[in-house]
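One structure below.
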Amino acid sequence: MPIEKTLVVIKPDGMKRRLAGLAIDRLENAGFELIGAKVVSVTEKLAHEHYALLKGQPFFPNLIKFIMGDYHDVSNRRVLAMVYRGENAIKGVRAVVGATSPEDAAPGTIRNAFGRINSKAGYYENVVHASGNAMEADREVKIWFKPEELVE
Ligand code: CDP
Ligand code: MG
């Protein structure tokens with residue numbers, strides 16, 4: 001099985017609700033190795049780069065605001081960006097994270113356990129981002145981390 005790297009971001013809802021440790025615990029227990037981590041205040045530029053492939057989706061404007069922390073803590077905008085490495089890490093991390101909608105996420109996943117749907121605003125508060133495939137993982141790790149920030 002290939003050794004892969006993948007990006008995980010504890011989103012502003014997860015930071016505000018103090019769920020970072022629980023998410024990390026699950027990823028560690030699944031056997032993935034943390035090789036990079038930093039707290040980031042997401043700029044509009046970074047938000048657009050990260051979600052470039054979703055431009056044009058109806059939820060895109062909300063998504064940009066959400067990842068920048070506009071809905072959670074504008075005075076303390078924070079996400080925790082991490083890179084995990086391991087055998088089949090991209091699919092494996094996604095399996096720990098669960099489906100996009102907390103309503104669809106399988107029992108035992110992070111999004112099932114901790115995610116929720118903000119019914120007033122109509123967006124998902126799904127706690128974590130994880131790269132969806134090899135192309136995304138490669139792209140996203142490079143956007144968020146310099147090579148020297150990863151311990152390899
Ligand atoms: O994060 P994931 O790869 O599972 O889903 P995506 O399709 O790449 O969408 C990125 C993010 O957009 C999701 O994690 C949600 O935060 C948000 N989203 C949403 O709020 N409403 C949707 N109908 C679809 C996605
Ligand atoms: Mg995605």
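Below, the figures for the structure above:
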| read-out | value |
| --- | --- |
| Top-ranked residue of segment 25-43 - restricted to ones that are assigned to a helix (DSSP H, G or I) and touching a residue at least 60 places away in the same chain (Cβ under 8 Å), ranked as least open to solvent (accessible area, probe 1.4 Å) | LEU27 |
| Any hit, segment 103-111, residues being crowded, with 18+ Cβ neighbours inside 10 Å and among the polar types (S, T, N, Q) | yes |
| Filter result for the condition that a residue is within 10 Å of ligand 1 (Cβ to nearest atom) and open to solvent by 10 Å² or more (accessible area, probe 1.4 Å), over ASN62, ASN76, ASN88, ASN126 | ASN62 |
| Given (1) closer than 14 Å to VAL128 by Cα; (2) of a type in the set (Asp, Glu); (3) buried (at least 17 other Cβ atoms within 10 Å of the Cβ), number of the condition GLU4 does not satisfy | (1) |
| Matching residues, segment 55-81, being within 15 Å of the chain's Cα centre (by Cα) and within 16 Å of ligand 2 (Cβ to nearest atom) | LEU63, ILE64, PHE66, ILE67, VAL79, ALA81 |
| Single match in ILE67, ILE117 (criterion: open to solvent by 50 Å² or more (accessible area, probe 1.4 Å), closer than 21 Å to ARG18 by Cα and within 11 Å of ligand 1 (Cβ to nearest atom)) | ILE117 |
| Condition met for LEU46 (over 23 Å from GLU152 (Cα atoms) and either open to solvent by less than 30 Å² (accessible area, probe 1.4 Å) or out of contact with any Lys or Arg (no Cβ under 7 Å at 6 or more places or on another chain) (or both)) | yes |
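The values are calculated or read from the model by the stated rules, or taken from the named source; none is laboratory data. What you see is a predicted model; the values in this text were computed from it and never measured. Quick reminder, even Gly has a Cβ in these numbers, built from the backbone with ideal geometry, and neighbours come from all protein chains shown. In case anyone asks, the SASA skips ligands and DNA or RNA and just uses the protein heavy atoms, side chains included. Shrake-Rupley method; radii C 1.70, N 1.55, O 1.52, S 1.80 Å.
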